[in-house]
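*Asks:* Encoded as structure tokens, here's the structure I'll be asking about.
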Amino acid sequence: MIKHPHQIAVTGPETAPAQLTDKAAVTEHIAPAPRISVQAFCETVETANVVETAHQDRRLAKTHLKVQRGGIITAVEVFRNSPTPNVIILEAGDRAESVIAGLDQLAEVCDAGTRVIVLGHFNDVTFYRDLTRRGVNDYLIAPVGTIDVVRAICRLFSASDAQPVGRIIAVIGAKGGVGASTVAHNVAWATARDLALDSVVTDLDLAFGTAGLDYNQDPPQGIADALSSQDRLDSAFIDRLLSKCSDQLSLLAAPATLERVYDFGADAFDAILDTLRASTPCVILDVPHQWSGWIKQLLVSADDILVVAGPDLASLRNAKNLVDMLRNARPNDNRPYYCLNQVGVPKRAEIAPADFAKALEDPPMAVIPFDPQLFSTAANNGQMIAEVSAKHKTAEMFLHLAQILVGRTEAKRVRRGRLMPLVSKLMKRAG
Ligand SMILES: Nc1ncnc2c1ncn2[C@@H]1O[C@H](COP(=O)(O)OP(=O)(O)OP(=O)(O)O)[C@@H](O)[C@H]1O
Ligand SMILES: [Mg+2]
């Protein structure tokens, strides 16, 4: 997250031995970091060790942290072909000019929302200014102590002006049974595995939700417990309700029983989503195909929306109504995206993607073929499409959808200048 020039934080060199600094930190309150991914590029073994040790700190218990040798140039090479994490830590070499040149190259490959911490050796105002201009969020002067690294990561997310870490992506079907849940679950899975962003799928179809089945999970707790304990909601409470589907993917499952009926108020999920958003980079909502106050509010307040439609007239009409309504209600946001699913059923008369594009004034983000063998195998085994067939074109489509929805582009664009805001502007489409 880029900061205004005067806001760049500079932590001075440690004069006290590491032990003393750590003791001082005992009395200091550092809010724990959310479930983020961090990648550190260290020039020296010493710094790499410090960052590794920092990862053992309780406040970084939820973070995924990877340390690599090599500085900014290595980072540029790595991120040319892979998405950037939530935070990049860079140990700068001893030549200021090459540090600045390296940051300029990094800006070209850096994804929206990635925050950058530089560890360096210069205590020089021109250098700080150059870093600030390039959107670096924090600068720590080497040698750094363990707690300095912990503090720098945590405060990126705890400052009063820090943006909430998570994006909320709502997925809804234009019609019942068009595969909205299947798309939501596969997109979340790709986000966690291929984009390495921690994700939580929230199954909002309380009576009939299939996320538990699709991920082969049978959790005793889930969203119903969160709804009935609104007064106790915090990250720790929600964490206990999540079931882990893979390294970086968790599920807030629906009870999928008929013992209770649910008639929600419009803001029933606000507190749960605020709590999730504060700790998880990507929250995917599996929204049932219904229309009520709470569903409308969820869609209007989401960061991005994906409407899943089938190639039929009812889907076309409903998708158009949804997209139009949401564009009106969210004039300053991305348009709702949509994709077509179950396309190409033999002998079925279908409406062409081009006709959808015309009516919705936007091409579909993906046209997913009808493939009963592949999808039923996945559904019956509690697997994702990429687990059934890794190289299948449909699996690639889910990854492509994930990249667009979370703002991680595959083909890195060439950009100059600041690391972050430019990128987010590029990602915003005309409303
Ligand atoms: N592209 C596809 N090809 C073949 N079958 C598919 C495809 N996409 C989804 N399906 C199957 O369609 C069925 C309905 O999918 P899903 O439950 O995801 O739909 P939904 O829109 O969430 O339904 P609901 O309205 O009940 O929430 C599932 O059995 C799923 O495996
Ligand atoms: Mg569904």
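*Asks:* When you scan the range 400-412, do you find a residue that is modelled with pLDDT of 95 or more, of a type in the set (S, T, N, Q) and more than 16 Å from ligand 2 (Cβ to nearest atom), even just one?
*Replies:* So far as the range 400-412 goes, no, none of its residues is modelled with pLDDT of 95 or more, of a type in the set (S, T, N, Q) and more than 16 Å from ligand 2 (Cβ to nearest atom).
*Asks:* Identify the residue in the range 157-210 that is within 12 Å of ligand 1 (Cβ to nearest atom) and of a type in the set (D, E, K, R) and, among all such residues, is farthest from Q248 (Cα to Cα).
*Replies:* Among residues in the range 157-210 that are within 12 Å of ligand 1 (Cβ to nearest atom) and of a type in the set (D, E, K, R), the one farthest from Q248 (Cα to Cα) is K175.
*Asks:* Every residue in the range 159-185 that is more than 9 Å from ligand 2 (Cβ to nearest atom), modelled with pLDDT of 95 or more and open to solvent by 10 Å² or more (accessible area, probe 1.4 Å), please.
*Replies:* The answer is K175, and nothing else.
*Asks:* Could you please let me know if I117 is open to solvent by less than 30 Å² (accessible area, probe 1.4 Å) and touching a helix residue (DSSP H, G or I) at 6+ places or on another chain (Cβ under 7 Å)?
*Replies:* yes
*Asks:* Identify the residue in the range 73-97 that is open to solvent by 10 Å² or more (accessible area, probe 1.4 Å), modelled with pLDDT of 90 or more and in a helix (DSSP H, G or I) and, among all such residues, is farthest from A196 (Cα to Cα).
*Replies:* I73
*Asks:* For V307, indicate whether it is within 16 Å of ligand 1 (Cβ to nearest atom) and in contact (Cβ under 8 Å) with a residue 12 or more places away in the chain.
*Replies:* yes
*Asks:* Taking the range 283-296, which residues are more than 14 Å from ligand 2 (Cβ to nearest atom) and surrounded by fewer than 18 Cβ atoms within 10 Å (Cβ to Cβ)?
*Replies:* Hits for the range 283-296 are W291, S292, G293, K296.
*Asks:* Could you tell me whether any residue of the range 300-313 is closer than 24 Å to A207 by Cα and surrounded by fewer than 21 Cβ atoms within 10 Å (Cβ to Cβ)?
*Replies:* Checking the range 300-313: at least one residue is closer than 24 Å to A207 by Cα and surrounded by fewer than 21 Cβ atoms within 10 Å (Cβ to Cβ).
Okay, residues lined up against (1) modelled with pLDDT of 95 or more; (2) among the β-branched types (V, I, T):
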residue: H289; (1), (2): yes, no
residue: W294; (1), (2): yes, no
residue: D304; (1), (2): no, no
residue: V307; (1), (2): yes, yes
residue: R335; (1), (2): no, no
residue: C339; (1), (2): yes, no
residue: E350; (1), (2): yes, no
residue: D355; (1), (2): yes, no
residue: K391; (1), (2): no, no
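*Asks:* For the range 248-272, how many residues meet the condition of being touching a strand residue (DSSP E or B) at 6+ places or on another chain (Cβ under 6 Å) and part of a loop (DSSP other than H, G, I, E, B)?
*Replies:* Qualifying residue count, the range 248-272: 2.
*Asks:* Here is a further query. Run down A174, A188, A159 and say which single residue is out of contact with any Ser or Thr (no Cβ under 7 Å at 6 or more places or on another chain) and over 21 Å from L103 (Cβ atoms).
*Replies:* Sole residue among the options that is out of contact with any Ser or Thr (no Cβ under 7 Å at 6 or more places or on another chain) and over 21 Å from L103 (Cβ atoms): A159.
*Asks:* Next up: Hey, among the residues in the range 367-377 that are without any contact (Cβ under 8 Å) to a residue 24 or more places away in the chain and either farther than 24 Å from L405 by Cα or in a helix (DSSP H, G or I) (or both), which one's farthest from ligand 2 (Cβ to nearest atom)?
*Replies:* Of everything passing the filter in the range 367-377, Q373 is farthest from ligand 2 (Cβ to nearest atom).
*Asks:* Sticking with this one: So for the range 287-299 (the condition being within 14 Å of ligand 1 (Cβ to nearest atom), in a helix (DSSP H, G or I) and in contact (Cβ under 8 Å) with a residue 24 or more places away in the chain), does at least one residue qualify?
*Replies:* yes
*Asks:* Continuing with this model, one more query. Give S250, S228, S235 a once-over and let me know the one that is away from ligand 1 (no atom under 16 Å from the Cβ), hydroxyl-bearing (S, T, Y), closer than 30 Å to S389 by Cα and open to solvent by 10 Å² or more (accessible area, probe 1.4 Å).
*Replies:* Unique residue meeting the criteria: S250.
*Asks:* Consider only pairs whose beta carbons are under 8 Å apart and that are at least six residues apart or on different chains; among these, list those whose first residue lies in the range 352-366 and is open to solvent by less than 70 Å² (accessible area, probe 1.4 Å) and whose second residue is at pLDDT below 95 and in a loop (DSSP other than H, G, I, E, B).
*Replies:* Correct list of pairs: D362/R335.
*Asks:* Return the residues of the range 198-222 that are open to solvent by less than 10 Å² (accessible area, probe 1.4 Å) and away from ligand 2 (no atom under 14 Å from the Cβ); say none if nothing qualifies.
*Replies:* Matches in the range 198-222: D198, S199, V200, G222.
*Asks:* Sticking with this one: Looking only at residues that are part of a helix (DSSP H, G or I) and either modelled with pLDDT of 95 or more or surrounded by 24 or more Cβ atoms within 10 Å (Cβ to Cβ) (or both) in the range 273-282, which one is nearest to ligand 2 (Cβ to nearest atom)?
*Replies:* Restricting to residues being part of a helix (DSSP H, G or I) and either modelled with pLDDT of 95 or more or surrounded by 24 or more Cβ atoms within 10 Å (Cβ to Cβ) (or both), the top hit is L276.
*Asks:* Within the range 158-169, does at least one residue satisfy the condition of being under 21 Å from A379 (Cα atoms), touching a residue at least 40 places away in the same chain (Cβ under 8 Å), assigned to a loop (DSSP other than H, G, I, E, B) and not small (G, A, S)?
*Replies:* no
*Asks:* All but one of (1) more than 16 Å from ligand 2 (Cβ to nearest atom); (2) crowded, with 23+ Cβ neighbours inside 10 Å; (3) in a strand (DSSP E or B) hold for Y139; which doesn't?
*Replies:* Tallying (1) more than 16 Å from ligand 2 (Cβ to nearest atom); (2) crowded, with 23+ Cβ neighbours inside 10 Å; (3) in a strand (DSSP E or B), Y139 fails exactly one: (2).
*Asks:* Of the residues that make up the range 10-23, is at least one modelled with pLDDT of 50 or more, under 20 Å from F157 (Cβ atoms), open to solvent by 50 Å² or more (accessible area, probe 1.4 Å) and not in a loop (DSSP other than H, G, I, E, B)?
*Replies:* yes
*Asks:* In the range 34-56, which residue that is open to solvent by 30 Å² or more (accessible area, probe 1.4 Å) and within 25 Å of the chain's Cα centre (by Cα) is nearest to G93 (Cα to Cα)?
*Replies:* E52
The values are calculated or read from the model by the stated rules, or taken from the named source; none is laboratory data. The structure displayed is predicted, hence computed values, not measured ones. Here Cβ is always computed from backbone atoms with ideal geometry, including for glycine, and neighbour counts include all displayed protein chains. All accessible areas refer to the heavy atoms of the entire protein, side chains included, with ligands and DNA or RNA removed. Shrake-Rupley method; radii C 1.70, N 1.55, O 1.52, S 1.80 Å.
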